[in-house]
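Let me begin by presenting the structure, written as structure tokens, before commenting on it.
Just so it is clear, none of the values below were taken in a lab; they were calculated from the coordinates. Please read all numbers here as calculations on a predicted model, not as lab measurements. Every residue, glycine among them, receives a Cβ derived from its backbone with ideal geometry; neighbour counts consider all protein chains shown.
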Number of protein chains: 2
Amino acid sequence: MIYSSELIKGTLKTIVLQQLKQNGKMYGYEITQKVKELSKERISITEGALYPTLHALEAEGLVQTETEFIGKRIRKYYRLTPSGENKVLEKVNELAEFMNTMKFILDIKPV
Amino acid sequence: MIYSSELIKGTLKTIVLQQLKQNGKMYGYEITQKVKELSKERISITEGALYPTLHALEAEGLVQTETEFIGKRIRKYYRLTPSGENKVLEKVNELAEFMNTMKFILDIKPV
DNA sequence: TCTTATACATAATGTTCTTATGTATCTTTG
DNA sequence: CAAAGATACATAAGAACATTATGTATAAGA
């Protein structure tokens, strides 16, 4: 079952930042594949969503980039800046608390 | 701490439907107050978000309304239709699974 | 050689929220 | 008793963020 896209809304930045935290440096396409794999095909990050998000994170100073050439093909790596390191902790904590609140409100039993 | 609004995105319909399931019938303002109370002030549903959502749920046939007068003031009660009863189960299950997937991806430890 | 995968990016569009505004009644407080 | 705040509905303009479509280009596999 693929999660309906509206659920991803609001969590995309957090997912991206946490992936960068866990893996040091990653390029865009790699992030989409990693998230697809981790979610067992249930979360697909579209390119139209990912790239603007990465550019926004860079503009906010939360990530920095380095460009590499693999043969002739460009590859743009992203990694967290120090302020990105702080931000990811905040974002993940907030989401964790939000999910607990939602479980309470929706009366969802632990598995 | 108030949850940043982007987290609510995509979960509002589910929250509203589940409230109606738990409480039988409710009016709009009552839903905002109940959710505020349950979330310990951390989730505020704005009227600009709530009323269009309720109207959309009605247009989709998931809820039906009955209007009451309290003195001279109107009060519009919403309750689930049979198809709304099915939908709320779907939506809550999907959200529960999504949250489990997110916990896994974000490496969030159980409390 | 053709298709699929890799890899970036942007633009038009759609959805859904926030913020602002509007109307009106009821209750509390100085 | 007048003003302020709470109750209760609703809509419109604007912002935010995603989808879908499109574009460019290289690499790998059938």
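Once both axes come from the Cα atoms, what is the angle between helix B:82-106 and the longest principal axis of chain B, in degrees from 0 to 90, rounded to 10?
Taking the Cα atoms of chain B, the angle to B:82-106 is about 20 degrees.
At 25 °C and 0.890 mPa s, what whole-number value in µm²/s does Stokes-Einstein give for the translational diffusion of the protein assembly as shown, with Rh from the Kirkwood sum over Cα pairs?
It diffuses with D of about 128 µm²/s by this estimate.
Around A:N93, what is the net charge, scoring Lys/Arg as +1 and Asp/Glu as -1 over all other residues with Cβ under 12 Å from its Cβ?
0
Which whole-number value in Å³ per residue fits the convex hull of the alpha carbons of segment A:18-86?
Expressed per residue, the convex hull around the Cα atoms of segment A:18-86 is 94 Å³.
Using the 10 angstrom Cβ neighbour count as an exposure proxy, how do A:E94, A:E37 rank, fewest first?
The most exposed by this proxy come first: A:E37, A:E94.
Which pairs in the list A:K13/B:K9; B:K9/B:K36; A:K9/B:K21; A:K34/A:K103; B:K36/B:K91; B:K36/B:K87 are over 19 Å apart, alpha-carbon to alpha-carbon?
A:K9/B:K21; A:K34/A:K103; B:K36/B:K91; B:K36/B:K87
Could you identify which residue out of A:E97, A:E30, A:E85 has the top mean-square fluctuation in a GNM of chain A using Cα springs shorter than 10 Å?
A:E97
Can you give me the Cα centroid spacing of segment A:67-111 and segment A:1-53 in angstrom?
9 Å
With a cap of 12 neighbouring Cβ atoms within 10 Å, and only residues DSSP puts in a loop, list the trypsin sites (Lys or Arg not before Pro) found in segment B:54-97.
Here the sparse-neighbourhood loop sites are B:K72.
Mind checking the dipole of segment B:30-111: about its Cα centre, +1 per Lys or Arg Cβ, -1 per Asp or Glu Cβ, Debye to the nearest 20?
With Lys and Arg at +1 and Asp and Glu at -1, about 360 debye.
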